[in-house]
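I have placed the structure first, in the form of structure tokens, so that the comments after it can refer back to it.
A short reminder: the numbers here are calculations on the coordinates, not readings from a lab. None of these values were measured; they are calculated from a predicted model. When we count neighbours, we look across all protein chains shown, and the Cβ atoms used for this are built from the backbone with ideal geometry, even at glycine.
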Amino acid sequence: MERTPGEFSEGTGTAREWIERAERRTLQIPLRYRIEGQEDWSKGETVNLSQSGILFSSESLLEVDTKLEITFQTSGVPLLSSSTRLARVVRRILSNWPETRPAVGARFHS
């Protein structure tokens, strides 16, 4: 776990506590995801991964709080070793949208 520096809360002037964050690993592998309740899978690619969540690029613009099922390659020959996780979208990055694919941050849950 890494710690992010404390910051001052807006309006109150009080310092926030240190936030423990899971260590992120840069990883670019294909993934598939689908919105909860849907049958069709969409394609994406991981940007980075941690024990608590994932940042991935997507062809679709997903809303914050959308519940997802994510399946991604973890190692070995493609489609040989995969893992499926439930997650919730917690942020999205739209730099140069629509010229580039949006990035989606999702927190894993059980």
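Numbers for the structure displayed
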| read-out | value |
| --- | --- |
| Theoretical gain in end-to-end length, Gln28 to Leu94 [0.36 nm per residue, Cα-Cα removed] | 21.9 nm |
| Residue-count net charge about Pro30 - beta-carbon cut-off 14 Å; Lys, Arg +1, Asp, Glu -1 | +1 |
| Chain lengthening between His109 and Thr84 when straightened (0.36 nm per residue, less Cα-Cα) | 7.9 nm |
| Under the Karplus curve 6.51 cos²θ - 1.76 cosθ + 1.60, θ = phi - 60°, whole-Hz ³J(HN,Hα) for the range 29-43, x wherever Gly or Pro sits | 9, x, 9, 10, 9, 9, 6, 3, x, 9, 8, 7, 9, 10, 9 |
| log10 of Debye I(q)/I(0), alpha-carbon scatterers only, for the range 24-109 at 0.12 Å⁻¹ | -0.31 |
| Order of Leu94, Leu86, Leu68, Leu55 under a 10 Å beta carbon neighbour criterion, fewest first | Leu94, Leu86, Leu55, Leu68 |
| Net lengthening on full extension, Asp40/Leu61 (0.36 nm per residue, minus Cα-Cα) | 6.0 nm |
| Amide H within-cut-off set for Leu31, under 5 Å, with H built and near neighbours excluded | Gly44, Glu45, Thr46 |
